[in-house]
Each structure stands twice: as C-alpha cells, then as structure tokens.
1. Nearest-5 percent of antiparallel DSSP beta bridges in the chain?
2. Would you mind getting the accessible area per residue of segment 1-109, heavy atoms of the protein chains only, 1.4 Å probe, in Å²?
3. Any idea what the relative contact order of the chain is, in percent, if you count C-alpha pairs under 8 Å spaced at least 6 apart?
4. Mean separation of Cα pairs under 8 Å and 6+ residues apart, divided by the residue count of segment 268-384: what relative contact order is that in percent?
5. Report, to the nearest whole %, how much of the accessible area of segment 173-286 belongs to carbon and sulfur atoms, 1.4 Å probe, protein only.
6. Given a 1.4 angstrom probe, what's the average accessible area per residue across segment 160-258, in square angstrom?
7. Tell me, what % of the accessible area of segment 1-65 is carbon and sulfur with a 1.4 angstrom probe?
8. What number, in percent, do you get for the relative contact order of segment 173-286 if the mean sequence gap of Cα pairs under 8 Å and at least 6 apart is divided by its residue count?
Amino acid sequence: MTWQEEVIAHRRALHQIPELGFQETKTHAYLMDALHAMGLDPVVHKTGIWADIDSLRPGRTVALRADIDGLPLLEDTGLSFSSNHPGVMHACGHDGHMAILLGTAARLVAQKDHWTGRVRVLFQPAEELPPGGAQDLIAAGVLDGVDQILGLHLWSEYPVGTARVAPGPMMANADSFIVRIKGRGGHGSQPESTKDAVLIAAQIVVNLQTIVSRRIGAFEPAVVTCGTIQAGTTFNIIAESAEVTGTVRTFSTAAQALIQQEIQHIAKTTARLYDAEAELVYIKGYPVVVNDARSAEQWANALEGTVTLQDDHPSMGGEDFAYYLHHRPGAFLFLGCAPDGEIFPHHSPHFLVNEAALPLGVDVLYKGVQSLLAADSAHGLQRP
Ligand code: NI
C-alpha cells in the first residue's frame, strides 16, 4: 500500500464507525492502535487523544488538531463503506480529518530529519456538540508546552487542489435560541376563546426575519435562521404552547448583542399583540474563529505549489477550534474536497468527500508545521 492509499484506507475504516460526541470509543481505539503502531506514546483524556512527535532537532512545538465525532444522521450515500452505525454518519468530513492527521503523523515520524522541533497531534471529541470538546481538552492541558496550533476542515464547496487560509476571521459566532410561547389552547371550532400558539409562533418567525433586513447594516454579516417549530397535537385542537428554535451567526459582538435583544423584543411584543406570552432562551455557542495573521500568512506561503489558494469571504459556520486560538496563535484552513458530480452540503445524508483531497491534506499539514517550526527557530521567537 502506498502512503496515499493508507490515508484513504484510514478514512474508509473510520467512516464505517461514526460516533457522537464524547461517545467515540471505537474511533478512539482505532486511533490509539494507529498511533501505537507508529511508536508514539499517546495521552488520553476521555475519548480525546494527543501525542508528541519529536524531530531530530530541538525547537518549538506546533499542535495539529483533528475533530473525531460524527452526526446523528442516517447515511444515504450508497458508498460501499457506509456507516455501520445506523443513525450516525460522518457527514462533515471529520473521518477525513482524522485520516489526514494520521497520515501527517506517519510522515513526521518517518522524516524526523526533515523538520525541526516538536509536533503534537491532537484528536478532539465532540466538535458537533456545543459546548464542544475543545475547552475540555484545553482545561486538561492539551496546549501546555504548545507554541502554535493549526487545524483544517475539508470543504466541499471548493474543488480539490484548492484551499483557503487567511488572516483574521474565518468562521462566525454560532449561537442558538429557543422561543417558548404560552397561549391558551382550546377547540378548533372556537378560536375566540383561545390564544393560538401556532399563529403566534408563525408571526414571530416572520417578524424575526426583519432583524437582519431592517436592524443590521448592509455591511455587517449576520444570519437569523429558525430551524424548528414545535406545536400542536391534532387538526382540531388549538395549541396552548409552541416552541421555535433557531441559530444566529455574527462576526461582531455588537451585532450579536443587538440580535439577541431584538429576538427578545420581537418575541415578547408579538406574543403580547395576541394577549399571550413568550420567553427567550439565548445560548452563546462557539465564538468567531480568528486566525493569527502571521501564522496564516506563513502557512499560505508554505502552500505555494501544493494548492491554489481561494480568495473568498469567511464562512458563517461555527467551529470550536476558535477556543484554541484564544490561547495560542495559529490558523484554521479550509481544504477543497468537492466530489465529481453533484455537491451535497456538509451535514447532508448524501455528503461526499473527494478522497483525492486526503493525501493533499497531509501535504498541507506537513508543509504548515515544517514551515512554522523552521521560521520560528530562524527568528528565535520566545514561547508565549
Ligand atoms: Ni465539521
């Protein structure tokens, strides 16, 4: 087997055993076996793992992070190596992230004389399950002794052979909310004696759409999405209560605070218009992923000749990689993995990864750490 085939084989094996956040036990065992086979001595924290690889020359330490969890979805790709866990699927590419990081670790071990310093490979649970696994690993000491950190995400919107890494914001604040509406239930034939929670929920959903269009400036990126409405039991009963859930995406704390305040205002005043009540639960999720300018530029420069860099705007998606960047300088990168044919979005039951992106991912991570560690030793930088 070539190293490229080995990376793809890792991905296919991991694709078959997707597990939800903090339940990644089979995945954990697979990763441990692979790291032990490389002669590494991994540290374990819950289902998370990190392992240090030393080059032949002492220097600084760069961490490389992969997330390891799957999603609660019934896979519908028709792949020969589809999920063996019905109702759970690697539909975001985290199987690919693990395979890429294993391939990178293998190369770092095999080529210890080609780079300087130490690399910590880290496999993080529960990226898809806010508050996520990153903060837990940081509290457990995963960044102790680490100077910089890099991470990547497969990106199906970009063709294979392309990537995006840029200084500054890469991904958004990703918050969630619940609006609970309390009306008065009753008979479907006698609306006059009720306060119809279905009608009020519908009005609230429509009114919330005026926040981005009428309260946020045209140059401020923001999204308000209502994902669910739960109400009612049958056709001839007017619902007593309703619940609307949604997500809010922003880049500035000012926009984030304004939207939270507006959702509260709209929910309460709309309910009051119909003589009912509404309350808001607003949950702040992952903060903005902000790349350190120097790390991002160094990584981008190191990729010349490996991938074509995309000039694009930040993503409105969220990532708990943001937390590592609160503690250490580093950068996050999107790696193109568009399949031939139809592109399905991340988190779709039809989501496909073009496996040609995986060996390229190894080159991308390897060149990133190699360059950061070489540049750091050349500049004689101090640890933060
Ligand atoms: Ni993801």
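The values are calculated or read from the model by the stated rules, or taken from the named source; none is laboratory data. No experiment lies behind these values; they were computed from the predicted model shown. Reconstructed Cβ throughout: ideal geometry from the backbone, glycine too, with neighbour counts over all protein chains shown. Heads up: the accessible areas ignore ligands, DNA and RNA and are worked out on the full protein's heavy atoms, side chains in. Shrake-Rupley method; radii C 1.70, N 1.55, O 1.52, S 1.80 Å.
1. Details: 45 of 66 bridges.
Bridges in the chain are about 70 percent antiparallel.
2. Working: 4270 Å² over 109 residues.
With all protein chains present, segment 1-109 gives 39 Å² per residue.
3. Values: 887 pairs, mean separation 90.9, N = 384.
Over the chain, the number comes to 24 percent.
4. Numbers: 87 pairs, mean separation 34.3, N = 117.
Relative contact order comes out at 29 percent.
5. That share works out to 53 percent.
6. Numbers: 4900 Å² over 99 residues.
I get 49 Å² per residue for segment 160-258.
7. Values: 1700 of 3060 Å².
C and S atoms contribute 56 percent here.
8. Working: 234 pairs, mean separation 49.2, N = 114.
Relative contact order, segment 173-286: 43 percent.
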